[in-house]
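I have placed the structure first, in the form of C-alpha cells, so that the comments after it can refer back to it.
A short reminder: the numbers here are calculations on the coordinates, not readings from a lab. Remember, predicted model here, so these are calculated numbers, not experimental data. Quick reminder, even Gly has a Cβ in these numbers, built from the backbone with ideal geometry, and neighbours come from all protein chains shown.
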Amino acid sequence: MATETKPAAQPARTTGSHGQTDFDAIADEYDESLPAHVVEHYLAKRVAFIRQYVPPGRALDIGCGTGVVAERLSREGYDVVGVDPFRGMLRYVRQRRPDLLAIAANGERLPFADNTFDLVYCIAVMHHVAAPAAVRQTLLEMTRVAKPGGHVLVWDHNPRNPYWPIIMRRVPQDTGAERLIPEREVLDGLAAGGARPVIVRPLGLMPDFTPRPLTGAVARLEHLVERVPVLNRLCAHNVVLAIKSA
C-alpha cells in the first residue's frame, strides 16, 4: 500500500513570546527578499551618507545581518565590527568578509567598554526591536559605547510612509510583530544617552516594485521629494545622526 508523503515542515519564522522574526530561519533567503537593484540603491545611499558626514574610524554595526553595509564600509576605510543576535546571519558576514569581526550579541547588552567607537549605527533594525523599553535601552547602549564626539546613526522605517504595511506583509523578515518607531522616540532615547542630533532628515523613496530600467528616473524623483518640506515627511526612512557629548 502506498504511503502518503507529507510536505516538509516549514521553518519557524518567529521566536520568543512576541513573535519576532527568527532570522536564523530566513538567513538563506534574506538577501533576496527585495530586488537587487533596489537593494543596491539603498546600500549606496547609506554608505554615501556615512562617508559624507562621518570620517573613517572604528565603527559598530548594530544588527548587522548578513553584513552588506559593514562590508561596503570596510572597503571605504572604516574599521567595522558587526553585532547581531542571530548566528545564521553572521555566517554570511564571515563568508562575505572573513577578516571582519562579527559577534553574536544583543543591542540591549553590547559587550564593549564605554567610549569605544567613532561611529555606532543601526539600519532597518529598530522596528524589529519594537518594544519601547527595548528600543530605549538599545539607544542608550549605542550612545554608551560611542566615543565622546563620536557619531550615532539610526536609519529606520518612517511610520508616516503609507507603503510600509504593504511591503512588510510580503517579505520573510517581517512577521507582524514589528513596530515602526516615531522619530521623536529615537531623539528622546539618544538624548537620554547624552547624544545631540546634528541631522534629522527623511530620506528614500525607491519602492520595491521599481523596474530596473527606471531606477535612475525614480532616484531623481526621490532626490526631489527629499528636498520638499512637508512632502518629504512621506519618505521611506527617518534618518537621525547624533554626536555624543564630550
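Some notes on this structure:
- Most positive-pole-ward Cα, 113, 92, 155, against dipole of the chain from beta carbon charges: 155
- Residues 24, 99, 188, 61, sorted so that the one with the fewest Cβ neighbours within 10 Å comes first: 99, 188, 24, 61
- Three-way shape label, region 83-165, alpha-carbon gyration tensor, a/c 1.5: oblate
- Over the chain, Cα pairs under 8 Å with separation of 6+ residues give a relative contact order of 20 percent.
- The chain: calculated mean residue ellipticity at 222 nm from DSSP helix runs of at least 4, using -39500 (n - 2.57): -10500 deg cm²/dmol
- Residue 115-residue 52 FRET efficiency (beta carbon distance; Förster radius 30 Å; 0.05 resolution): 0.80
- Ranked 33, 245, 74, criterion: other C-beta atoms within 10 Å, fewest first: 245, 33, 74
- Sorted largest first, the principal axis extents computed over the alpha-carbon atoms of the chain equal 77, 43, 34 Å.
- Cut-off under 5 Å, modelled amide H: who pairs with residue 20 long-range: 15
- Cα gyration tensor, region 70-119 - rounded (a/c under 1.5), prolate or oblate: oblate
- Annotation note: trypsin sites (Lys or Arg not before Pro) in region 170-221 located in DSSP loop regions with a Cβ neighbour count of at most 12 within 10 Å are 170.
- For residue 144, net neighbour charge (Lys/Arg +1, Asp/Glu -1) across residues whose Cβ lies under 14 Å away: +1
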